[in-house]
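Undergrad: Here's a structure for you.
The values are calculated or read from the model by the stated rules, or taken from the named source; none is laboratory data. Keep in mind it's a predicted model, so treat the numbers as computed, not measured. For neighbour counting, all protein chains shown are included, and Cβ atoms are generated from backbone atoms with ideal geometry for every residue, glycine included. Ligands, DNA and RNA are excluded from the accessible area calculation, which covers all protein heavy atoms including side chains. Shrake-Rupley method; radii C 1.70, N 1.55, O 1.52, S 1.80 Å.
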Amino acid sequence: MTEPRRYERIDVELPCRLYIPGERGLKFEAHCTSRNLGLGGVFLSSSFLLREGLELFVELGLPGGPLAIRARVAHTVPGDDPELEAGFGVEFLDVDAAGRETLLRYFTPLRYHEFYRAFAGEFPHLRERVPVADVALLLNLWEEWKVRGEGGPAFTASGAPPAPARAGAARRARR
(Lines give C-alpha, C1' and ligand atoms only; values in the text may rest on other atoms or scores of the structure.)
Protein backbone atom coordinates (compact mmCIF):
# COMPACT_ATOMS: atom_id res chain seq x y z
CA MET A 1 0.00 0.00 0.00
CA THR A 2 1.35 3.43 -0.89
CA GLU A 3 1.76 6.09 1.73
CA PRO A 4 -0.65 9.03 1.33
CA ARG A 5 0.90 12.22 0.05
CA ARG A 6 1.74 14.64 2.81
CA TYR A 7 2.38 17.67 0.66
CA GLU A 8 0.10 19.64 -1.55
CA ARG A 9 0.36 19.90 -5.33
CA ILE A 10 -0.51 22.85 -7.53
CA ASP A 11 -1.52 22.65 -11.17
CA VAL A 12 0.96 24.78 -13.07
CA GLU A 13 2.40 24.76 -16.57
CA LEU A 14 6.07 25.67 -16.50
CA PRO A 15 8.61 25.15 -19.24
CA CYS A 16 11.14 22.57 -18.04
CA ARG A 17 14.50 21.55 -19.39
CA LEU A 18 15.81 18.10 -18.56
CA TYR A 19 19.50 17.38 -18.86
CA ILE A 20 22.26 15.00 -17.90
CA PRO A 21 25.74 16.55 -17.80
CA GLY A 22 28.64 14.70 -19.34
CA GLU A 23 32.40 15.13 -19.34
CA ARG A 24 32.36 17.02 -22.65
CA GLY A 25 29.01 18.75 -22.59
CA LEU A 26 25.56 17.31 -22.23
CA LYS A 27 24.83 13.58 -22.49
CA PHE A 28 21.11 14.31 -22.78
CA GLU A 29 18.82 17.32 -23.09
CA ALA A 30 15.06 17.59 -23.65
CA HIS A 31 12.25 20.05 -23.03
CA CYS A 32 8.84 19.35 -21.45
CA THR A 33 6.01 21.17 -19.72
CA SER A 34 5.03 20.65 -16.12
CA ARG A 35 1.44 19.81 -15.29
CA ASN A 36 1.65 19.91 -11.53
CA LEU A 37 4.26 20.78 -8.96
CA GLY A 38 4.83 19.73 -5.39
CA LEU A 39 7.66 20.76 -3.14
CA GLY A 40 9.07 17.25 -3.56
CA GLY A 41 8.73 16.88 -7.32
CA VAL A 42 7.02 17.68 -10.58
CA PHE A 43 4.90 15.80 -13.13
CA LEU A 44 6.01 16.44 -16.71
CA SER A 45 3.76 15.97 -19.72
CA SER A 46 5.76 14.29 -22.46
CA SER A 47 5.47 12.34 -25.69
CA PHE A 48 8.60 10.37 -24.65
CA LEU A 49 9.33 8.46 -21.48
CA LEU A 50 12.51 8.09 -19.49
CA ARG A 51 13.24 4.98 -17.47
CA GLU A 52 12.27 4.95 -13.83
CA GLY A 53 15.23 5.53 -11.54
CA LEU A 54 17.15 7.67 -14.06
CA GLU A 55 18.92 10.56 -12.33
CA LEU A 56 19.02 13.87 -14.15
CA PHE A 57 18.58 17.58 -13.63
CA VAL A 58 15.24 19.29 -14.12
CA GLU A 59 15.36 23.02 -14.70
CA LEU A 60 12.07 24.70 -13.83
CA GLY A 61 11.32 27.82 -15.86
CA LEU A 62 10.14 29.95 -12.94
CA PRO A 63 9.11 33.58 -13.50
CA GLY A 64 12.14 34.85 -11.55
CA GLY A 65 14.56 32.71 -13.58
CA PRO A 66 15.39 29.03 -14.03
CA LEU A 67 15.88 26.73 -11.05
CA ALA A 68 17.91 23.56 -11.68
CA ILE A 69 17.35 20.65 -9.29
CA ARG A 70 18.98 17.22 -9.18
CA ALA A 71 16.19 14.70 -9.55
CA ARG A 72 15.14 11.13 -10.37
CA VAL A 73 12.38 9.74 -12.58
CA ALA A 74 9.98 8.23 -10.03
CA HIS A 75 7.20 6.88 -12.24
CA THR A 76 6.02 6.93 -15.84
CA VAL A 77 2.63 7.00 -17.52
CA PRO A 78 2.59 5.58 -21.06
CA GLY A 79 0.72 7.36 -23.83
CA ASP A 80 -1.82 4.56 -24.15
CA ASP A 81 -3.18 4.99 -20.60
CA PRO A 82 -6.85 5.96 -21.12
CA GLU A 83 -7.19 7.74 -17.77
CA LEU A 84 -3.92 9.59 -17.15
CA GLU A 85 -1.91 12.09 -19.12
CA ALA A 86 1.29 10.68 -20.64
CA GLY A 87 4.54 11.68 -19.03
CA PHE A 88 6.54 11.06 -15.90
CA GLY A 89 6.88 12.13 -12.31
CA VAL A 90 10.23 13.46 -11.23
CA GLU A 91 11.25 13.38 -7.57
CA PHE A 92 13.56 16.14 -6.36
CA LEU A 93 16.68 14.70 -4.74
CA ASP A 94 18.88 17.61 -3.88
CA VAL A 95 17.83 21.23 -3.55
CA ASP A 96 20.43 23.67 -2.21
CA ALA A 97 19.41 26.35 0.31
CA ALA A 98 18.95 29.11 -2.28
CA GLY A 99 16.98 26.80 -4.57
CA ARG A 100 14.86 25.59 -1.68
CA GLU A 101 14.03 29.17 -0.71
CA THR A 102 13.10 29.97 -4.33
CA LEU A 103 10.82 26.93 -4.47
CA LEU A 104 9.21 27.68 -1.10
CA ARG A 105 8.51 31.28 -2.16
CA TYR A 106 7.10 30.25 -5.57
CA PHE A 107 4.86 27.45 -4.31
CA THR A 108 1.66 29.32 -3.43
CA PRO A 109 -1.52 27.23 -3.46
CA LEU A 110 -4.83 29.05 -3.83
CA ARG A 111 -5.46 28.88 -0.08
CA TYR A 112 -2.23 30.86 0.53
CA HIS A 113 -3.49 33.62 -1.78
CA GLU A 114 -6.81 33.63 0.08
CA PHE A 115 -4.99 33.89 3.41
CA TYR A 116 -2.82 36.70 2.02
CA ARG A 117 -5.87 38.69 0.86
CA ALA A 118 -7.35 38.42 4.36
CA PHE A 119 -3.99 39.36 5.92
CA ALA A 120 -3.58 42.39 3.63
CA GLY A 121 -7.18 43.42 4.29
CA GLU A 122 -6.57 43.44 8.01
CA PHE A 123 -3.10 45.02 7.80
CA PRO A 124 -3.06 47.07 4.56
CA HIS A 125 0.01 48.99 5.73
CA LEU A 126 2.02 45.73 5.54
CA ARG A 127 1.05 44.83 1.94
CA GLU A 128 4.18 46.49 0.50
CA ARG A 129 6.55 45.20 3.20
CA VAL A 130 5.25 41.60 3.31
CA PRO A 131 4.66 40.21 -0.19
CA VAL A 132 2.76 36.97 -0.84
CA ALA A 133 6.08 35.18 -1.54
CA ASP A 134 7.24 35.87 2.03
CA VAL A 135 3.97 34.53 3.40
CA ALA A 136 4.30 31.42 1.18
CA LEU A 137 7.83 30.84 2.48
CA LEU A 138 6.63 30.90 6.09
CA LEU A 139 3.50 28.82 5.48
CA ASN A 140 5.45 26.19 3.55
CA LEU A 141 8.06 25.98 6.30
CA TRP A 142 5.26 25.67 8.86
CA GLU A 143 3.63 22.82 6.90
CA GLU A 144 6.97 21.01 6.61
CA TRP A 145 7.68 21.50 10.31
CA LYS A 146 4.31 19.91 11.22
CA VAL A 147 4.87 16.88 8.95
CA ARG A 148 8.43 16.37 10.16
CA GLY A 149 7.22 16.63 13.76
CA GLU A 150 4.96 13.65 13.02
CA GLY A 151 7.94 11.70 11.69
CA GLY A 152 7.19 12.47 8.04
CA PRO A 153 9.65 13.24 5.26
CA ALA A 154 11.14 16.59 4.32
CA PHE A 155 9.78 18.20 1.15
CA THR A 156 12.52 16.77 -1.02
CA ALA A 157 11.68 13.26 0.18
CA SER A 158 7.96 13.52 -0.58
CA GLY A 159 8.09 11.99 -4.06
CA ALA A 160 6.99 12.99 -7.49
CA PRO A 161 3.51 14.33 -8.16
CA PRO A 162 0.99 12.00 -9.76
CA ALA A 163 -0.08 12.26 -13.37
CA PRO A 164 -3.11 14.44 -14.00
CA ALA A 165 -6.20 12.80 -15.47
CA ARG A 166 -6.78 13.14 -19.20
CA ALA A 167 -9.40 15.76 -20.03
CA GLY A 168 -12.08 13.19 -20.98
CA ALA A 169 -11.30 10.86 -18.08
CA ALA A 170 -12.58 13.31 -15.47
CA ARG A 171 -15.90 13.60 -17.31
CA ARG A 172 -16.19 9.79 -17.61
CA ALA A 173 -15.49 9.32 -13.88
CA ARG A 174 -18.34 11.70 -12.94
CA ARG A 175 -20.93 9.71 -14.93
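Undergrad: What number comes out for accessible area per residue over region 21-131 if the probe is 1.4 Å? Units Å², please.
TA: 55
Undergrad: Determine, for each peptide in 67-78, 12-23, the mean count of other beta carbons within 10 angstrom over its residues, then list the peptides with the highest first. Display every interim value, and only then the final one.
TA: Working: 67-78: 18.5, 12-23: 14.4.
Most protected by this proxy first, the peptides run 67-78, 12-23.
Undergrad: Continuing with this model, one more query. Return the whole-Å distance between the Cα centroid of region 117-148 and the Cα centroid of region 73-99.
TA: Centre-to-centre (Cα) distance: 29 Å.
Undergrad: Right, another one. Give the relative contact order (percent, whole number) for region 9-94; include only Cα pairs under 8 Å separated by 6+ residues.
TA: On the way: 204 pairs, mean separation 23.0, N = 86.
Contact order relative to length: 27 percent.
Undergrad: What percentage of the solvent-accessible surface of region 52-140, computed with a 1.4 Å probe over protein heavy atoms, is contributed by carbon and sulfur atoms?
TA: On the way: 2630 of 4670 Å².
Solvent-exposed carbon and sulfur of region 52-140 make up 56 percent of the total.
Undergrad: What length, rounded to one decimal in nm, is gained on full extension from Glu128 through to Phe48, with 0.36 nm per residue of separation minus their alpha-carbon distance? Write down the numbers at each step before the final one.
TA: Values: separation 80, 0.36 × 80 = 28.80 nm, distance 4.42 nm.
Stretched fully, the Glu128-Phe48 segment lengthens by 24.4 nm.
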